[in-house]
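Data first, discussion second: the structure below is written as structure tokens.
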Amino acid sequence: MTPNARFTEFIKDITPSETTVSNCKSAHTSVRRALLNDDEFKDKVKRVFLGGSYKRYTSIRPKTKDGSTERPDVDLYVVVDGHPWFADPTALMDELFGALNRARSDLGITMIKRNRCSVALSMNKADLDVSILLDRQDDNLFRIGNRNTGEWYRTDPEEHTDWSAAQNERCSGRFNPMTRMVKWARRQNKTVSRHPKSFALETLIAPHISETETHYGQLFHDWCQSFLDAYSFDRSFGNCPFLEDPAIPGGDILAGVTNEEFCAYYDKIRRHRDDAAKALAGDDQDKATDYWRRIFGDRFPRPKQSGQTMKSAAAAISPLSFTAAQAAPTTRPAKFA
């Protein structure tokens, strides 16, 4: 079996670096400060908080493309007072856009645009999605607006963060690393789309991850098998299952995933299960690594050459031949280390 140390090395490698985390902190802190200091917008802001995989500690290192590292993504939520019957998501998002645009130079914003439910920023050190939330309503849930339809949707990014932390504690700290592995495999093995992704993947991992398995290779294989068993009926009919949002009663976390997208991902997990099984069953670590790399790509480490292997390799080299003749003395002075 592949040593667990190889997986911990891999997990460390795909975890955002200290520099990346520092860049994210600098970016979201400066945006928060700008919004709270904007004369035209600050009175609307009740508070600003972080969400998303960066906050949940399940993010993976940014992509590298053409030799350069892309900026990490951070989700920031701006809480304001209001009731969905009366508040206009388009108007509020326009006000948010205006406040950010006024601080464009100070924040080093290179791109700013309105999306469906957020204002997207590209900054020097990170990319941010900044969303307006109506503060908790009678059902104790936030509302996030859709500027295209004018609708407000129930949401609770804070509960998502708490739920994810609880899963990690339940699994003795292995849920977050496992999530990074699954997300990394998702990035390396594209299907018809990027979905399911991010928090949807976390909700697909949590019910099917072992609480006791400590070897990450076995943990990944067993999750794949459990996932396949759980959704085999849905796959046989070509359907995307309903998966309840852990924060929103009756909410479907996979509502934005099509049948085709889910089935393509299911089939990919089946191939991951088969490759992981072959990697775990073999004694040849080079062959096992090839299977792991089919899942996780080239960042999965090659086996290290042991001291014994190095001695064997040295013994296999043809020995030097020495003659009985003495070497001629040199006239050059001796050199010292």
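Details
- The antiparallel fraction among DSSP beta bridges confined to region 16-155 stands at about 75%.
- Between S17 and D43, the contour length at 0.36 nm per residue exceeds the Cα-Cα span by 5.8 nm.
- Integer Hz, Karplus 6.51/-1.76/1.60 couplings in order for region 10-18, x for Gly and Pro: 5, 4, 4, 5, 8, 7, x, 6, 4
- Rounded to 5, percent antiparallel among DSSP beta bridges of the chain: 75
- The GluC sites (Glu not before Pro) of region 111-160 that DSSP puts in a loop, and whose beta carbon has at most 14 other beta carbons within 10 Å, are E151.
- Residue by residue, region 163-173 carries 3J(HN,Hα) couplings of 4, 4, 4, 5, 5, 5, 5, 4, 9, 6, x Hz when phi is fed to the Karplus relation 6.51 cos²θ - 1.76 cosθ + 1.60 (θ = phi - 60°); x denotes Gly or Pro.
- Backbone HN-Hα couplings from phi across region 36-46 [Karplus 6.51/-1.76/1.60, Hz, Gly and Pro as x]: 6, 9, 6, 4, 8, 10, 4, 5, 7, 7, 7
- Correct choice for mean projected area of the Cα convex hull in nm² that was computed from the model, options (1) 16.1; (2) 19.0; (3) 26.7: (3)
- Over 29 Å (Cα to Cα) - which of K63/K304; K55/K304; K12/K44; K25/K287; K12/K190; K125/K278 fall in this group: K55/K304; K12/K44; K25/K287; K125/K278
- Stretch gain in nm, segment D229-H83, where the contour uses 0.36 nm per residue and the Cα spacing is subtracted: 48.3 nm
- Part-to-part distance (alpha-carbon centres) for region 10-29 and region 99-177, which is given in Å: 18
- Where a label projected 7 Å from the Cα of R116 along Cα→Cβ would reach, residues of region 186-207 with amide N under 17 Å: 193-201
- Tilt relative to the chain, helix 307-316 - C-alpha long axis, 0 to 90 degrees, to 10: 40
- Region 16-155 shape via C-alpha gyration tensor axes, a/c threshold 1.5: prolate
- Amide H to amide H distances under 5 Å link G297 with no residue, where only residues 5 or more positions off or on other chains count and H is placed in the peptide plane.
- For the chain, the longest principal axis of the Cα atoms and the long axis of helix 216-236 meet at an angle of about 50 degrees.
- 5 angstrom amide H check on L133, placed H, neighbours 5+ away: V78, V79, V80
No value in this document is a laboratory result; all are computed from the given coordinates. None of the values given here were measured: they were computed from a predicted structure. We place every Cβ from the backbone using ideal geometry, glycine too, and count neighbours over all the protein chains shown.
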